[in-house]
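> The structure follows.
The values are calculated or read from the model by the stated rules, or taken from the named source; none is laboratory data. Everything quoted here is computed from the prediction, not taken from an experiment. Heads up: the accessible areas ignore ligands, DNA and RNA and are worked out on the full protein's heavy atoms, side chains in. Shrake-Rupley method; radii C 1.70, N 1.55, O 1.52, S 1.80 Å.
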Amino acid sequence: MIRARQQHGFTLIELIAAITLLAVLTTILMGTVRGAERSTSAANDVVERTEQYARTQAFLREHISGVLPMRWRREVSQPLKFNGKSSNLTYFAPVTSQIAEGGVMWWQLAVAKSQQKSQLVLRRQAADPDEKSVPDLAAAEPIVLADNIDALSISYFDAGDDPLNNPDAGTWVESWDENARMPSIIAIRVTETGDKRWPDLYIPVKLSQALGCNFDYQRQRCIIQTGANR
């Protein structure tokens, strides 16, 4: 007599092993998905950050380079309409085509902080013909240039009293207290939240270029071309 082969189902141990294996595979798969999401998010953050500082720096390079060395009156002894500090820059310049058409206004580059946000802003205010000093632009209309900005550091290159005959006398200063002339170059350093620093931005002031000043990035100074080198 031939015995019928008994058919058996999964044992409890086999079932537990299968469930455990499925859980491990699911965990690995979810980890891979989350890792891909984080990588994609990080890549998007880098792209957005790069676009933010590239766009902002391009605008500032054009705008600040056109600062006007105007005085309060048409007298040599009067100070220039320019106030350069390490944390903000107030200057007199034309309205660029990216903002509006024509005119000359007061501008201030600074970081505006509140409990909710911290932004790099460019404040603007119309000029008052009766004013005798640099106005306070803290409450002026702001243009937001970039978000999540922690700090702004500005320095100024002083080419010296006689840059043509003494080109190596130039130095960097943290504030501009000279009323008789403008800085040759303005250096701007921006730090985002999380201690992420933008590439340093060097802006030659256009009206200073009449001296033939070329910025040497290696020596970190303004090089004046003499008549013999031209």
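> Please report the accessible area of Lys206 (heavy atoms, 1.4 Å probe, ligands and nucleic acids excluded) in Å², nearest 10.
130
> Sorted by accessible area with a 1.4 angstrom probe, largest first, how do Glu178, Glu14, Glu192 fall?
The ranking, largest first, comes out as Glu14, Glu178, Glu192.
> Given H placed 1.01 Å from N in the peptide plane, which residues other than close sequence neighbours of Glu192 have an amide H under 5 Å from its amide H?
Sorted by chain and number, the residues that satisfy this are Asp150, Arg197, Trp198.
> If you don't mind, another one. What shape does the stretch 51-203 take by its C-alpha gyration tensor, where a ≥ b ≥ c are the square roots of the eigenvalues and a/c under 1.5 counts as rounded, a/b above b/c as prolate, and the rest as oblate?
Taking the square roots of the gyration eigenvalues as a ≥ b ≥ c, the stretch 51-203 is oblate.
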